[in-house]
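Reviewing the structure listed below.
The values are calculated or read from the model by the stated rules, or taken from the named source; none is laboratory data. Given the structure is predicted, the values throughout are model-derived calculations rather than measurements. Here the Cβ positions follow ideal geometry from the backbone for every residue, glycine too, while neighbour counts run over all protein chains shown. Note: areas computed on protein heavy atoms with side chains; ligands, DNA, RNA excluded. Shrake-Rupley method; radii C 1.70, N 1.55, O 1.52, S 1.80 Å.
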Amino acid sequence: MKVLETERLILRHQTIEDAAFILELMNDPSWIQYIGDRGVRNIDDARDYMLKGALDMYARLGFGFYLTELKDGGIPIGICGLVKRDFLEDADIGFAFLPKFWGKGYAFEAASEVMSYAQSVLELKRIVAITSEDNHASAKLLEKLGLHFESMIRYAGTDEEVRLFAINV
């Protein structure tokens, strides 16, 4: 189901048919470095991850990480959307794109549309984001979107400290 559309992109609900792409994305070295190894090693793992993650969140909350694809050709390039993590009070915006699509403005284009949607349709009053301490590119994008660094927090269930960004909308 298409949720959002920009000049160059379509953001839609993930489906089980997207499992091969999700498997590729989650095993990209940049995902593992900046987001973490989620142990997704095959198509069945990817399907299970999607069922327990994005698909469950769509059903429960009406939002989640959307598959982001190019309008021209329907090529999947990444994910972008909102999630509600148990250890954060507010919904947080997140994005991940395959490296070959970096530097073309796609993440900003997709995330800007998600921010507008969060404010106008979901009527969220505050949006947060988290990044690993060394993920400078994502931090720069979050600041471009209007979020500001608030503090370092511990990622639930780990010893990892992550940067918390936020904006009141």
With the 1.4 Å probe rolled over protein heavy atoms, the chain has an accessible area per residue in Å² of 51
What is the distance in Å between the Cα centroid of region 75-94 and that of region 1-18? 14
What does the net charge come to around Glu5 if you take all other residues with beta carbon closer than 13 Å to its beta carbon, with K and R at +1 and D and E at -1? -1
Per q in 0.19 Å⁻¹, report the Debye log10 I(q)/I(0) for the chain, using one uniform scatterer on each alpha carbon and no solvent. -1.43
So how exposed is His148, as accessible area in Å² (1.4 Å probe, rounded to 10)? 120
Using a 1.4 Å probe over the heavy atoms of the protein chains, calculate the carbon and sulfur portion of the accessible area of the chain as a whole percent. 51
Taking the Cα centre of each part, how many Å lie between region 144-162 and region 111-135? 14
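With runs of 4+ DSSP H residues as the only contributors, calculate the mean residue ellipticity of the chain at 222 nm using -39,500 (n - 2.57) per run, divided by the residue total and rounded to the nearest 500.
Working: 6 runs with 52 residues, N = 169.
For the chain, the value works out to -8500 deg cm²/dmol.
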Roughly how many debye, to the nearest 20, is the charge dipole of the chain about its Cα centre, given +1 on each Lys and Arg Cβ, -1 on each Asp and Glu Cβ, and no other charges? 320
Provide, for the chain, the number of lysine pairs with alpha carbons under 16 Å apart, each pair being eight or more places apart or on different chains. 6
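What value in Å³ per residue do you get for the convex hull of the alpha-carbon atoms in region 72-158?
Details: hull volume 10.7 nm³, N = 87.
For region 72-158, the hull spanned by Cα atoms encloses 123 Å³ per residue.
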Dipole magnitude of region 1-96, debye to nearest 20 (Cβ charges: Lys/Arg +1, Asp/Glu -1, about Cα centre): 140
